[in-house]
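**Student:** The following block contains the structure, expressed as structure tokens.
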Ligand code: SF4
Ligand code: SF4
């Protein structure tokens, strides 16, 4: 799983959610995130997330937590 959570406590007062609408669901090209009641985003299909990080970049409040799907290669000295 790559997308880990969307912090509801940060979304509650979000001016984007109550104004133009939360942008993160539209950011998601895999449909892992959807919009629920009252414009709250929720994780619908976590296994489909490919860790593109667009949703976390589009949230101005840091509400979306995503981790890398694969471990980064270890850096070694030449
Ligand atoms: S995910 Fe970010 S932009 Fe969307 S409602 Fe929550 S805080 Fe606002
Ligand atoms: S990291 Fe990318 S694929 Fe994963 S939920 Fe966010 S926008 Fe969708």
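**Student:** Can you give the helix-only mean residue ellipticity at 222 nm for the chain, where every DSSP H stretch with n ≥ 4 adds -39500 (n - 2.57) and the sum goes over all residues, rounded to the nearest 500 deg cm²/dmol?
**Tutor:** Estimated from H runs of four or more residues: -3500 deg cm²/dmol.
**Student:** Still on this structure, please answer the following. Work the Kirkwood hydrodynamic radius out for the chain: mean of 1/r over every pair of different alpha-carbon atoms, inverted, in Å.
**Tutor:** 13.1 Å is the Kirkwood radius here.
**Student:** Next up: Exposure proxy check: 17, 8, 34 ranked by fewest other beta carbons within 10 Å?
**Tutor:** Neighbour counts put them in this order, fewest first: 8, 34, 17.
We did not get these values from a lab; they are worked out from the coordinates using the rules stated. Bear in mind that the values here come from a model prediction, so they are computed numbers and not experimental data. Methodologically, a virtual Cβ is constructed for each residue, glycine included, from the backbone with ideal geometry; neighbour enumeration extends over all protein chains shown.
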